[in-house]
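Chemist: First, the structure itself, so that you have it in front of you.
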Amino acid sequence: MIIFIFIVIVIALICALAYYISQLDLYKSYDSYRAGEMEKLRAELDVEHTINTETLQKLNKIAYTNPITKIGNMDYFLDAATKQFSENPNEVFTLIAFNIQNLDKFSHLFGPTEGDNVVLHAAHTLRDIGQKTRQVFAHVYSNLFCMIVKGQDKELVLEQVEVLTQQLQSYSENFTLLPTFGIYYIKDRHQPLLDMINSCMLAQRFVKNPQACNYVIYSEELESNFRQNKRMSQEMEDALEQHKFLMYLQPIVDLRTFRITSAEALVRWDYPGKGILSPYAFIPLFENTNLVQKLDYYMWEECLKALRRWIDNKIEPTPIAMNISPIHFQNTKFIDHLDYLCDHYLIDKKMLILELPERGISDGDEQTKKIIQQLKKHGYILCIDNYGSMNSPLNLLHDYPIDRIKIDRSFFNKNSDSEEGMSILRYLVAMAKEVGLTVITEGVETLKQTNLLGEIGSDMAQGYFFSKPVDVREFDSLNHSMVKRVYQSNEYYPTFEDLEKDLDLIAFMLDQA
Ligand code: C2E
Ligand code: MG
């Protein structure tokens, strides 16, 4: 029995040994298999690795380059700027962002391909300057370029802006490109770069008149202004829905008959808790944010509704002069809207006078000319508003198919007090009449001014002397009583000399009253 047990143990040991030895082999072959596979894999990986590097380079290029201008894009800018910051820990930097403000107008005028060429020109200009000065620059998106400038010396930064402006504007002699810049002094380089770019763009939005000054430096005050503006925009949207914008009418009086010949529609905001707000408090803000487009559409419709009400109530309608913000001049969409309103309310276009502010048309570019020609073709009466406020060339008067000019209130006031000024006014009125225009003078506050205007040949006048802007109900009662109002004006205490001078006028007024 003992021998049997011994034999079994020996056999078991032999078997275990044999299994161990066989497993050793297996491990060996597995190892060598693994090694071989790994070798192959490594070889494959190597191959893939070389493909990847090339692809990666290509991918990087695609990922980091703007496809149109072939300079760095936003991703590139973020990486390159971060690298520049970390490599220069003791340096301070300034971020500059710019776009071509009137690129749309340019593209509209010369076609989209030419517009693309301007973008290319901007990118190449930036590249040339950026490479020369070893600065990080990029074409971050469609019409926005960024650059990081070493240092925060205002003079040097503005020098850079000036150089860029000059080179950008050298692109076209017939059309003045308007690059506008936002400048941001980087205080905390760990702040997300996207926030810095946004701050720069915010500053850039505050550029009001790029021909006079085409940059704005970011400040916290600007940011709080912006927030306030944003809140106001929201309020404006609500107010539009709730009909809180009111149309006031200010009479425009014929200086020969002292009768109301037309009225200017002027917006007022019935602001909860603050009363009636003047447009000076909100129009400039709305013009910055394009809200003025909505407001104008609303006001134009109010004008057409008023005309329709007069006609429906058998009241003789008074032609209404409507303000057209320069913002509409970017394309012809607003003409379609005006046509639609006239069709919808069945109003003859001759009942409308479109007031085009001088500041919107004084640059005399082709696009503006085309739009004005189109408005004329569509049958509207056209008036240059605030004439004299921009020192625009006199040939504006016959270059455009306009019907009237309205002499600006401040221009009139500045000149009506001196002999020299009166000569300027007299010359301007004569010039306008020479080319067949009707002349209206705005801001007439006294009878003396009224008489002066009659003397120099202004056809019509508008001003507090006749009436402040009033709501439609009051305007209706005012209408046709203007002669009486002029005659009864408390401001008029004629001397004998005056009487002699104004004899004709007074006789006429008494006759009419
Ligand atoms: P504007 O088109 O030049 O309008 C004339 C402004 O002069 C009006 O100011 C009017 O009330 C004021 N005014 C008229 N006569 C006298 C006067 O004898 N003395 C004085 N001190 N002022 C006089 P208002 O109504 O405050 O409008 C200011 C400007 O706001 C307008 O200037 C116009 O540019 C803009 N505006 C008003 N309503 C609208 C609108 O519906 N759309 C657009 N886009 N702009 C508007
Ligand atoms: Mg006006």
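Chemist: Along each of the three principal axes of the Cα atoms of segment 106-170, give the extent in whole Å, ordering the values from largest to smallest.
Modeler: Here the spans come out as 39, 19, 17 Å, largest first.
Chemist: How much length is gained on full extension from Glu162 to Glu434, taking 0.36 nm per residue of separation minus their Cα-Cα distance?
Modeler: Additional length available on full extension: 93.7 nm.
Chemist: How large are Rg and Dmax for segment 219-336 when calculated on the C-alpha trace, in angstrom?
Modeler: In Å, with Rg to one decimal and Dmax whole: 16.6, 57.
Chemist: Go through segment 305-315 residue by residue and turn each phi into a ³J(HN,Hα) via Karplus (6.51, -1.76, 1.60, θ = phi - 60°); whole Hz please, and just put x for glycine and proline.
Modeler: Those phi angles translate into 5, 4, 4, 4, 4, 4, 5, 4, 8, 6, 9 Hz.
Chemist: Express the carbon and sulfur contribution to the solvent-accessible surface of segment 114-229 as a percent, rounded to the nearest whole number, probe 1.4 angstrom.
Modeler: Roughly 45 percent of what the probe reaches on segment 114-229 is carbon or sulfur.
Chemist: For segment 60-180, what's the relative contact order in percent, using C-alpha pairs closer than 8 Å and at least 6 residues apart? If you can, show how the numbers build up before the last one.
Modeler: Working: 155 pairs, mean separation 41.3, N = 121.
Value for segment 60-180: 34 percent.
Chemist: I would also like to ask the following. When the gyration tensor of segment 326-426 is built from Cα positions, what are the square roots of 5 times its three eigenvalues, in whole Å, from largest to smallest?
Modeler: 29, 15, 11
Chemist: What percent of all Cα-Cα pairs in segment 290-363 falls into each 10 Å bin, going from 0 up to the bin containing the maximum distance?
Modeler: Histogram of Cα-Cα distances, whole percents per bin: 18, 51, 24, 6, 0.
Chemist: Can you send over the solvent-accessible area of Val163, 1.4 Å probe, protein chains only, in Å² to the nearest 10?
Modeler: 60
Chemist: Okay, next question. Just to verify a number: what accessible area does Tyr215 come out at with the full protein assembly present, 1.4 Å probe, Å² rounded to tens?
Modeler: Surface accessible to solvent at Tyr215 totals approximately 60 Å².
Chemist: Another question, then. Using protein chains only and a probe of 1.4 angstrom, how many square angstrom of His243 are accessible, to the nearest 10?
Modeler: Solvent-accessible area, nearest 10 Å²: 100 Å².
Chemist: Per residue, what accessible area does segment 267-332 have, given a 1.4 Å probe and all protein chains present, in Å²?
Modeler: 45
Chemist: Sticking with this structure for a sec: Could you derive backbone 3J(HN,Hα) for segment 72-78 from the dihedral phi with the Karplus parameters 6.51, -1.76 and 1.60 (θ = phi - 60°), listing whole Hz in sequence and x where the residue is Gly or Pro?
Modeler: Ordered by residue, 3J(HN,Hα) equals x, 9, 4, 4, 4, 4, 4 Hz.
Chemist: Counting just the Cα atoms, what span does segment 180-237 cover along each of its three principal axes? Round to the nearest Å and put the largest first.
Modeler: 37, 29, 17
Chemist: Apply the a/c threshold of 1.5 to the C-alpha gyration tensor of segment 143-216 and tell me whether it is rounded, prolate or oblate.
Modeler: Working: a/c = 2.15, a/b = 1.74, b/c = 1.23.
Judged from the Cα gyration tensor, segment 143-216 comes out prolate (a/c at least 1.5, a/b above b/c).
Chemist: Still on this structure, please answer the following. For the pair Lys377 and Arg308, how long in nm is the line joining their label points, each one 7 Å along Cα→Cβ?
Modeler: The answer from the label model is 2.8 nm.
Chemist: Given 25 °C and 0.890 mPa s, compute D for segment 117-269 with the Stokes-Einstein relation, Rh being the Kirkwood radius over Cα pairs; round to the nearest whole µm²/s. Could you put the intermediate results ahead of the total?
Modeler: Numbers: Rh = 19.0 Å.
Translational D for this selection: 129 µm²/s.
Chemist: How would Leu394, Leu428 rank on accessible area, largest to smallest, probe 1.4 Å?
Modeler: Highest to lowest solvent-accessible surface, that is Leu394, Leu428.
Chemist: Something else about it: What are the residues whose amide H is under 5 Å from the amide H of Tyr215, where those residues sit 5 or more places off or on another chain and H is modelled from the backbone?
Modeler: Phe181
Chemist: Separate question: Longer than 27 Å from Cα to Cα, which of Lys377/Lys414; Lys333/Lys377; Lys208/Lys433; Lys244/Lys468; Lys406/Lys468; Lys369/Lys406 are they? Say none if no pair is. Write out the running numbers ahead of the final one.
Modeler: Numbers: Lys377/Lys414 36 Å; Lys333/Lys377 15 Å; Lys208/Lys433 33 Å; Lys244/Lys468 20 Å; Lys406/Lys468 17 Å; Lys369/Lys406 19 Å.
Checking Cα-Cα distances, Lys377/Lys414; Lys208/Lys433 exceed 27 Å.
Chemist: Convert each backbone phi in segment 405-418 into a coupling constant with the Karplus relation 6.51 cos²θ - 1.76 cosθ + 1.60 (shift: θ = phi - 60°), then list the ³J(HN,Hα) values in order as whole Hz, x for Gly and Pro.
Modeler: Rounded to whole hertz, the list is 10, 10, 5, 4, 4, 6, 5, 5, 5, 5, 9, 6, 8, 10.
The values are calculated or read from the model by the stated rules, or taken from the named source; none is laboratory data. Here the structure is a predicted model, which means the values were calculated and not measured. A quick note on method: Cβ atoms are made from the backbone with ideal geometry, for glycine too, and the neighbour counts reach across all protein chains shown. To get the accessible areas, we keep the full protein, side chains included, count just its heavy atoms, and leave off ligands, DNA and RNA. Shrake-Rupley method; radii C 1.70, N 1.55, O 1.52, S 1.80 Å.
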